[in-house]
Amino acid sequence: MGRLYAVEIVYRGIFQKTLAKNLSRAIVLAAHREGKPGISFGRYGDSPERNGIPAKGFAVVATDDLTLEEGMAKYEPKEVDVTIAVDDTLCKGVESWAWYGLQPINRLLKPGGVLLVTSLEAPATLVAMAHRKETPYRLAVLKATPSFSGLWVYKDDHTDVRILGALAKLMPDLFSLVSLQEVIAEEWKDGLKATSALRAYERIETVEVPAGQGNPEKPYEFQLPKWHEMRDGVAIPGIATGGAMRDPESGQTGGYRPARNPTFKKFTTRTMRPLIDFTKCIKCTLCWLQCPDSCFDVTPDGLYDANMEACCGCGVCEAVCPEAGCVTMVNEAEFHDNASQWEAWRHDPDGYLKLVSETIARRPADRSHGFRFRGQYQPQAAAEIEAARHP
Ligand code: SF4
Ligand code: SF4
């Protein structure tokens, strides 16, 4: 029996589809140069893929055909040597679609396996985001702005070859840097990309994450109904009505919080979140009307509180709000819970407003996903390639 290697690539649907495909394909091609057969494939919990919703690609490689065949007899790997998270906010957990619950980013990692994340955050921040695991693992951070593209546009900022270069260092048995450079020469025909891969190979480092370290929260999960519990035919329950909210400070009740899907919360789709300055709100209702996911709770005092369990981070509320600085999209990685912003503001108005202004001051200059016009990404990609060469 030979050795089986499994790598999963966790990515944001659509925005990172080409990146994930490039990675899984190149892993298999590089291993193949060393006589190891392999296969790359994608998996999505539902079809078609949707904007930003976590999705997965896999590369499975073996030392011989029989071992690969045996490995591929499973629907997808149950454990992996490496998990690549191409967006750091995926470290908060992955919920691809209803009925999955929240899956920790490190769930499939073998003991001692590597979690490789593209991020500008410090390793300690990423460890705190990821759920605790009963076995130790290693964390490697590839210093980069998480790369986002569109369905038809690929932002070629060298994230693909940089991750591959790091992987050659972290998993030398899977493929060597030499094999990778041959694949880059054949597939991309770009000497600059070969240099980027080499730099990542030289610089990547890992930190040990001991068992039990990380986010202590128990990921939410759902019990699938047994076959004998299912109802006849196809029956989809209607949406329940919502109810009033209660002001924890004054005890006043009122407003309206709609009931929401308890089996699909959507917040793991988010890379940025709206932060609301309630002192600037003129109660125009536009955010409440335009949010595509009915995220806004109407508070007893008539304000609008974006519910962070339901928000997918699309940014529509920021775009429609007529008051400057009232709704601002900020970096999701800065937050560690989905608590109500309105309750935080009611509890400590000055502290909340200080947090709003400080978080806004630190927000990324560029939106993290989506391109609005052809070529928009090119200056950003050129700057990132340069930064990767001369950090
Ligand atoms: S970013 Fe705003 S509009 Fe978009 S889902 Fe969240 S609350 Fe709704
Ligand atoms: S769009 Fe802005 S001003 Fe209007 S209700 Fe929403 S937060 Fe308030």
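The values are calculated or read from the model by the stated rules, or taken from the named source; none is laboratory data. Every value quoted in this text rests on a predicted model; they were computed, and no experiment measured them. Note: ideal-geometry Cβ built from the backbone for every residue, glycine included; neighbour counts use all protein chains shown. Please note that ligands, DNA and RNA were not included when accessible areas were found on the heavy atoms of the full protein model with its side chains. Shrake-Rupley method; radii C 1.70, N 1.55, O 1.52, S 1.80 Å.
Under the rule of at least 5 residues apart or a separate chain, name every residue whose amide H is placed under 5 Å from the amide H of residue 294.
For residue 294, whose amide H was placed from the backbone, there are no distant partners under 5 Å.
Using 0.36 nm per residue, how much length does the chain from residue 151 to residue 34 gain when fully extended, once their Cα-Cα distance is taken away?
Length gained, residue 151 through residue 34: 38.9 nm.
Between residue 120 and residue 185, what is 0.36 nm times their sequence separation minus the Cα-Cα distance? Round to one decimal in nm.
Taking 0.36 nm per residue and subtracting the Cα distance, the gain is 20.6 nm.
Applying 1/(1 + (r/R0)^6) with R0 = 35 Å to the Cβ-Cβ distance of residue 261 and residue 207, what FRET efficiency is obtained, to the nearest 0.05?
0.40
Starting from region 168-222, pick out the GluC sites (Glu not before Pro) whose DSSP state is loop and whose Cβ has at most 15 other Cβ atoms within 10 Å.
Hits after loop and neighbour filter: 205, 217, 221.
Karplus couplings for region 151-166 from phi (6.51 cos²θ - 1.76 cosθ + 1.60, θ = phi - 60°), rounded to Hz, Gly and Pro as x?
Result, ordered by residue: 5, 9, 10, 10, 7, 8, 9, 6, 4, 4, 6, 5, 5, 5, x, 4 Hz.
Can you tell me the 0 to 90 degree angle between the C-alpha axis of helix 17-32 and the longest principal axis of the chain, rounded to 10?
20 degrees
Starting from region 198-275, pick out the trypsin sites (Lys or Arg not before Pro) whose DSSP state is loop and whose Cβ has at most 14 other Cβ atoms within 10 Å.
226, 231
In sequence order, what are the phi-derived ³J(HN,Hα) couplings for region 110-122 according to the Karplus relation 6.51 cos²θ - 1.76 cosθ + 1.60 with θ = phi - 60°, rounded to whole Hz, with x for glycine and proline?
5, x, x, x, 10, 9, 10, 10, 8, 6, 9, 7, 6
Take the cross-link list 74/155; 110/266; 56/265; 74/218; 169/189 and give me the ones stretching past 29 Å between alpha-carbons.
In this structure, 74/155 lie more than 29 Å apart at Cα.
So, for the chain, what is the accessible surface per residue at a probe of 1.4 Å, expressed in square angstrom?
Accessible area per residue: 48 Å².
Choose one answer from 144, 185, 240: the residue with the largest mean-square fluctuation in a GNM of the chain with alpha-carbon springs under 10 Å.
Top of the fluctuation ranking is 240.
Connecting C-alpha atoms closer than 10 Å in a GNM of the chain, tell me which of 123, 104, 172 has the biggest fluctuation.
172
Can you give me the Cα centroid spacing of region 92-161 and region 176-244 in angstrom?
So the separation of the two Cα centres works out to 6 Å.
Just to confirm the number: angle between the C-alpha axis of helix 191-203 and the first principal axis of the chain, 0 to 90 degrees, nearest 10?
Around 80 degrees separate the two axes.
What list of ³J(HN,Hα) couplings, whole Hz, do you get for region 304-312 from phi and the Karplus terms 6.51, -1.76, 1.60, once you set θ to phi - 60° and write x for glycine and proline?
The phi angles translate into 10, 10, 6, 6, 6, 7, 9, 6, 9 Hz.
If you filter region 23-81 for chymotrypsin sites (Phe, Trp or Tyr not before Pro), then keep DSSP loop positions with at most 14 other Cβ within 10 Å, what is left?
Here the chymotrypsin sites (Phe, Trp or Tyr not before Pro) that fit, given the DSSP loop and packing criteria, are 75.
Can you compute the helix-only [θ] at 222 nm over the chain? Use -39500 (n - 2.57) per DSSP H run of at least 4 residues, normalise by all residues, nearest 500 deg cm²/dmol.
Here the helix-only value at 222 nm equals -8500 deg cm²/dmol.
In whole percent, and with a 1.4 Å probe on the protein chains, what portion of the accessible area of the chain is carbon and sulfur?
Carbon and sulfur: 54 percent of the exposed surface of the chain.
Calculated FRET efficiency, residue 51 and residue 3, Cβ-Cβ r, R0 56 Å, to nearest 0.05?
Computed FRET efficiency for residue 51 and residue 3 comes out at 0.90.
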